[in-house]
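Report on the following structure.
Where a number appears in this text, it was derived from the coordinates with a stated rule and is not lab data. Please read these numbers as outputs of a predicted model, since none were measured by experiment. So basically every Cβ, Gly included, is an ideal-geometry build from the backbone, and we count neighbours across all protein chains shown.
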């Protein structure tokens, strides 16, 4: 069975600074996907970025980048130039055989 | 992109009543949908896989008689919380798989999430 771990329950970050959110996973599946979602207080799940297990390059989507280290089984999210609107819960998710498993989440608070 | 809706977005009910939550794929067909439950400040926990035309598959520890799932068509799955009690109060989210970013670069379908339903049982 897969296991996905987010070790940071909460983080404060100053506006305009970069922040790294940790995510590690454990699997024996050869093919899988790693997603990051943002969940604001409204509850909706907002897709941020995706990394496939066979991708050679780290994924980037605007201010979001994913530091994928396959051998170490980590998929950390980097948010550059933080904005006040980035304050939310962030979930790492492991996708294999069509099923998602979510990490515990990291609460990010961006301060002025 | 693919859109998934949920109805209602929130519901308050008395203990002992049953509540039905609908999940619809608006612009694509979904033979499979997933139901999650999320307690405050916690992660999403997969409850069950809804299968069109057949029985749902429940995760370990989820009472199938308590959480009835019906996947009546290729665009609609319903979750009925029967005889709801305060401990059932939670945020319920559905998702449906569809080709997306994951599919373009691999063999995984992306999951598209509904906006969620907040259930409060008094």
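The table below gives the values:
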read-out	value
Residues of region A:46-59 satisfying the condition of being surrounded by fewer than 19 Cβ atoms within 10 Å (Cβ to Cβ) and outside any strand (DSSP E or B)	A:54, A:55, A:56, A:57, A:58
Residue check, residue A:17 touching a residue at least 12 places away in the same chain (Cβ under 8 Å) and over 15 Å from the mean Cα position of the chain (by Cα)	yes
Enumeration of residues in region A:19-45 that are in a strand (DSSP E or B) and at the interface with chain B (Cβ under 9 Å from one of its Cβ atoms)	A:33, A:35, A:37, A:39
Every residue from region A:60-112 that is closer than 17 Å to residue A:29 by Cβ, exposed (fewer than 15 other Cβ atoms within 10 Å of the Cβ), in contact with a strand residue (DSSP E or B) (Cβ under 7 Å, 6 or more places away or on another chain) and more than 11 Å from chain B (Cβ to nearest Cβ)	none
Residue within region A:78-86 that is closer than 21 Å to residue B:115 by Cβ and in contact with a helix residue (DSSP H, G or I) (Cβ under 7 Å, 6 or more places away or on another chain) present	no
Residues (in a strand (DSSP E or B), within 13 Å of another protein chain (Cβ to nearest Cβ) and surrounded by fewer than 14 Cβ atoms within 10 Å (Cβ to Cβ)) located in region A:1-18	A:3, A:10
Sole residue being in contact with a strand residue (DSSP E or B) (Cβ under 8 Å, 6 or more places away or on another chain) and closer than 13 Å to residue B:23 by Cα, chosen from B:76, B:68	B:76
Listing of strands (runs of 3 or more DSSP E) fully contained in region B:20-122 that carry 1 or more residues being away from chain A (no Cβ under 13 Å)	B:67-73, B:76-81, B:117-121
